[in-house]
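First comes the structure, then the notes that go with it.
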Amino acid sequence: MEQAIAGAEMQLVVFELGDESYGVDISRVQDINRMQEITEIPHAPESVVGVINLRGRVIPVIDLRKRFGLPEAPHTKDTRIVVVHLDDNLIGVIVDAVSQVLRIPADIVEPPSPVLAGVDSRYLRGIAKLDEKLVILLDLDFVLSRREQEAISEVLSEEV
Amino acid sequence: MLQFPGMTEDDIKVFLAEADEQLQYLEDGLLDLEQSSEDPEVIAQIFRAAHTLKGSSATLGHDKMAKLTHSMESVLDLVRKSQMNVTPALMDLMFECLDMLRILNREIATAQDSGADITELDDRLLDVIVSVERQATSGDTMGGVAAGENTPSIGGASSEDAWEGQFTGSGDVHVKVRFAKTCPMPSVRAYQVIDRLSTLGVLVCSKPSVERIEAGDDVFDLVAVVEYDGDALEPLIETIRSVTDVEDVRVLQVSPVGSTRAAIQADAAPQAADAAPATAAETVTAKLAVSREGATGGAARTVAGASPSRAATAAAGTTTVRVDVARLDALSNLVAELVIDRTHLAQLESRLAEKHGGDELVSELNRTSTHIGRLTTELQEAINKARMLPIDNVFKRFPRMVRDLAQKQGKEVELIIHGEDTELDRSVSEEIGDPLIHLLRNAIGHGIEPPEERVRAGKPPRGVVRLSAFRQENYIVVQVADDGRGIDPELVRASAIRKGIITEDAAARLSDKDAINLVFSSGLSTAAKADDVSGRGVGMDIVRKNLEKLNGNISVDTALGRGSTFTVKLPLTLAIIRALLVSLGQRMYAIPLNSVEEITRVEKSDISTVGGSEAIRPRGEVVPLLWLGEVFGVRDPGGSAHLSVPGQKVFAVIASSHEGKVGLAVDRLVGEMEIVIKSLGTFVGNISGVSGVTILGDGRVALIVDVPSLVRSVVDERNAVSQC
């Protein structure tokens with residue numbers, strides 16, 4: 001009841017990439033891992049870095065920097081692999097750092113503005129305005145979708 | 001969308017599981033009946049299957065299936081009572097009905113109305129019944145038997161008055177129970193009555209039998225005989241009355257023991273009335289079965305023989321559990337992880353021992369880790385066994401298929417099956433069916449000759465196709481052998497040249513054995529014309545390709561005029577294979593051992609250039625050399641690039657598929673081990689040159705090299721070059 005009165009809440013895992021903070025719904029996150037050895041897959045789609053062993057499951061890992069077209073950055077002790085659900089698959093996403101888990105009221109989320117530094121607005125579900133910063137809510141399904149992957153590789157091959 | 005009101009999803013699942021079983025009984029029975037005409041045992045089996053299907057489909061509320069099975073049952077009943085003979089026309093009609101039942105069954109499974117109409121079949125069945133009845137009434141003596149069949153009375157106790165006797169002390173008691181016609185679940189109520197009777201005394205027999213009741217037959221009148229040792233009948237009556245929907249209970253004491261049984265038998269089969277009083281319970285069941293089936297002496301043996309097997313099935317049913325495959329898979333995955341951890345634990349333990357040898361804690365850790373290792377191995381074996389199914393699951397659909405194919409082509413074929421109880425992993429049994437169908441079709445279509453031709457060749461007119469399965473180490477081997485015309489290497493050569501698969505020169509150079517192996521290349525068929533049975537020439541190459549994908553293979557052995565034997569070999573399980581581990585710098589790769597031919601060491605001087613690409617010549621044979629690092633685009637500073645230093649050697653793993661061989665240059669051989677194959681998943685998709693991944697003992701991920709695709713890429717490249 002209390003929650004109903006307080007309005008819907010969202011719980012987000014917030015991670016850093018470049019200068020931005022991004023949030024994904026906590027229910028989508030299976031696991032947060034330190035950087036580990038990644039086995040490269042030859043001839044794999046561009047942003048698939050390789051696969052890792054997550055307790056006996058083999059999981060593909062994508063580099064979100066590559067996906068967003070951000071410059072490559074060396075991995076640090078803060079680098080994390082966030083393992084998220086996508087349909088029936090688990091997929092690892094490399095991010096610069098995972099900063100916090102946030103509980104926010106749903107009504108502070110605003111629809112994405114069409115122009116946002118560096119990132120295609122189609123990737124976004126909204127922007128949460130907090131006192132100290134903005135957290136960009138990612139549309140994981142779109143970011144990780146095969147269709148998007150193909151679209152990207154098409155663009156790349158056209159450029160070549 | 002089909003709906004079955006009042007039925008839960010589980011009810012439908014149970015129905016489907018049972019229906020599949022009954023349809024199979026029906027099919028097996030019909031095939032047997034066709035072979036050994038009018039064996040009463042077989043007829044009884046078919047009848048039971050149709051009857052059970054009728055009951056369960058009616059309960060489910062699938063009217064079409066209930067109606068069709070009812071008509072089938074009526075016709076089968078006539079056959080059972082020898083009022084009509086088994087004719088080819090009748091067999092065809094029955095098979096058509098079976099096909100229809102399968103369609104209807106699929107309707108239920110998919111919840112989609114197939115639009116199939118049973119009216120025509122049902123009318124034909126009714127025609128059969130009408131024609132037989134017309135015969136019977138026109139003065140046939142059989143009519144009497146039919147009339148007697150429908151009077152469900154019991155022995156000397158058929159008069160109602162006889163049921164109200166005086167109780168004189170312990171002994172056999174006759175119990176007759178009638179359930180209300182409105183009773184929704186009479187079989188359940190009947191079972192309750194039987195159950196309560198069993199608590200009060202020893203149940204001697206009942207009509208219908210307990211099995212029937214358990215099978216869910218509708219029972220509105222139940223008669224049972226109980227050895228009752230109570231003082232008065234009232235408690236017995238009260239107990240039965242307390243069961244819901246019981247309309248009427250009558251009890252009668254009959255002594256001595258033997259007379260009761262004799263009375264029941266006398267009613268059912270008059271000729272058995274003077275039989276010696278039965279003492280063993282089985283005999284009673286058997287005799288009762290006779291009464292149930294209402295058949296002649298011949299059927300008695302039959303049904304008595306069938307009852308124990310049904311009882312055995314029922315008994316087996318209580319010790320088995322149906323488990324969702326997904327759960328088994330999850331269990332296998334967990335065990336596979338445990339295996340990996342076990343290896344890691346052993347490694348840690350030995351490192352600890354090196355560091356702190358002699359420490360009490362280390363040796364205790366050693367004991368525990370050894371124990372865990374042993375348990376894990378046992379667990380792995382147990383779970384693998386749990387996933388095993390007899391290959392009969394695959395084989396059981398073949399007799400019908402062979403029958404239909406043979407009939408369609410006017411051939412006489414006998415299918416002999418061996419080793420149907422050979423067990424194999426579920427995953428393999430799912431994959432092995434299609435290749436076998438292909439091989440059987442070929443055996444009948446191409447192998448077995450028409451009867452006249454066989455006779456001319458001095459063979460019996462009926463051809464034999466042998467399907468056998470057995471285990472060979474970690475493989476399951478299935479052979480399809482026919483005694484037909486065999487494969488003529490000359491015909492294959494000619495066909496291959498005509499189709500442009502090889503040149504005339506190349507064909508002439510081929511040995512007969514190699515020429516015969518051309519049947520596995522694409523686009524080749526030796527059949528004079530394509531038909532719907534076999535032979536559009538797109539079969540065998542796909543069969544081979546699919547088998548290789550599963551790390552299996554296929555070979556053929558043939559003798560002109562005497563027949564061909566195709567041998568399919570597959571690993572027992574698709575999840576675990578033996579592989580050779582190799583490394584390139586820090587990276588590990590697994591090469592399936594079944595494709596590894598040999599390993600040689602080569603240095604720069606061993607490598608020659610053929611048509612612009614590198615090749616080596618182990619044993620004088622030219623084998624293209626691939627640098628695994630280049631294939632996989634690995635730029636590893638630690639790895640040996642090309643052999644720049646004279647005298648430096650690398651390992652070349654010679655791997656083969658049916659298309660040829662390829663040498664894979666690697667840095668180091670790590671060893672041979674069992675690996676668990678994991679897919680790369682849909683997100684990454686298919687990667688050329690990689691068939692999957694596996695997790696090594698230390699937790700690292702290694703790619704599994706897809707040898708057939710590497711060989712193909714080399715072959716394609718060579719063809720492209722030669723065409724330029």
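The values are calculated or read from the model by the stated rules, or taken from the named source; none is laboratory data. Keep in mind the model is a prediction, meaning the values are calculated, not measured. So basically every Cβ, Gly included, is an ideal-geometry build from the backbone, and we count neighbours across all protein chains shown.
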Within region A:18-45, considering residues that are of a type in the set (Val, Ile, Thr) and part of a loop (DSSP other than H, G, I, E, B), the one nearest to the other protein chains (Cβ to nearest Cβ): A:41
Filter result (more than 24 Å from residue B:547 (Cα to Cα) and part of a helix (DSSP H, G or I)) within region B:406-453: B:406, B:407, B:408, B:451, B:452, B:453
Residue B:9, sole failed condition from (1) within 25 Å of residue B:120 (Cα to Cα); (2) modelled with pLDDT under 85; (3) over 23 Å from the mean Cα position of the chain (by Cα): (1)
Selection within region A:53-95 - free of Cβ contacts under 8 Å to residues at least 60 places away in the same chain and in a helix (DSSP H, G or I): A:65, A:66
Residue within region B:386-404 that is farther than 26 Å from residue B:21 by Cβ and free of Cβ contacts under 8 Å to residues at least 40 places away in the same chain present: no
Condition met for residue B:69 (among the β-branched types (Val, Ile, Thr) and within 15 Å of residue B:122 (Cα to Cα)): yes
Test: residue B:434 is over 24 Å from residue B:405 (Cβ atoms) and loosely packed, with under 15 Cβ neighbours inside 10 Å: no
Spans of strands (runs of 3 or more DSSP E) in region B:648-724 with at least 3 residues more than 14 Å from chain A (Cβ to nearest Cβ): B:649-657, B:660-666, B:668-676
Subset of region B:467-479 [surrounded by fewer than 24 Cβ atoms within 10 Å (Cβ to Cβ) and either among the polar types (S, T, N, Q) or within 20 Å of the chain's Cα centre (by Cα) (or both)]: B:468, B:470, B:471, B:472, B:474, B:475, B:477, B:479
Conditions (1) in contact with a helix residue (DSSP H, G or I) (Cβ under 8 Å, 6 or more places away or on another chain); (2) at the interface with chain B (Cβ under 9 Å from one of its Cβ atoms); (3) without any contact (Cβ under 8 Å) to a residue 60 or more places away in the chain: number failed by residue A:50: (1)
Qualifying residue in region B:454-477 (condition: β-branched (Val, Ile, Thr), in a helix (DSSP H, G or I) and over 26 Å from residue B:394 (Cα atoms)): yes
Failed item in (1) within 14 Å of another protein chain (Cβ to nearest Cβ); (2) touching a strand residue (DSSP E or B) at 6+ places or on another chain (Cβ under 6 Å); (3) charged (D, E, K, R), with residue A:103 passing the rest: (1)
Condition check for residue A:128: more than 13 Å from the chain's Cα centre (by Cα), of a type in the set (A, V, I, L, M, F, W, C), closer than 19 Å to residue A:18 by Cα and surrounded by 14 or more Cβ atoms within 10 Å (Cβ to Cβ): yes
Criterion: exposed (fewer than 13 other Cβ atoms within 10 Å of the Cβ) and at pLDDT 90 or above - qualifying residue of B:464, B:455: B:455
Options B:225, B:243; residue that is assigned to a loop (DSSP other than H, G, I, E, B) and β-branched (Val, Ile, Thr): B:243
Subset of region A:115-132 (residues that are modelled with pLDDT of 80 or more and touching an Asp or Glu at 6+ places or on another chain (Cβ under 7 Å)): A:125, A:126, A:127, A:129
Number of the exception - residue B:258 against (1) more than 30 Å from residue B:56 (Cβ to Cβ); (2) in contact with a Pro (Cβ under 7 Å, 6 or more places away or on another chain); (3) at pLDDT 70 or above: (3)
Enumerated strands (runs of 3 or more DSSP E) restricted to region B:582-647, each holding at least 1 residues that are modelled with pLDDT of 85 or more and either within 14 Å of chain A (Cβ to nearest Cβ) or touching a helix residue (DSSP H, G or I) at 6+ places or on another chain (Cβ under 8 Å) (or both): B:587-592, B:596-603, B:613-616, B:623-627
So residue A:85, is it of a type outside the set (Asp, Glu), on the phi > 0 side of the Ramachandran plot and touching a strand residue (DSSP E or B) at 6+ places or on another chain (Cβ under 8 Å): no
Condition met for residue B:414 (under 21 Å from residue B:391 (Cα atoms) and out of contact with any helix residue (DSSP H, G or I) (no Cβ under 8 Å at 6 or more places or on another chain)): yes
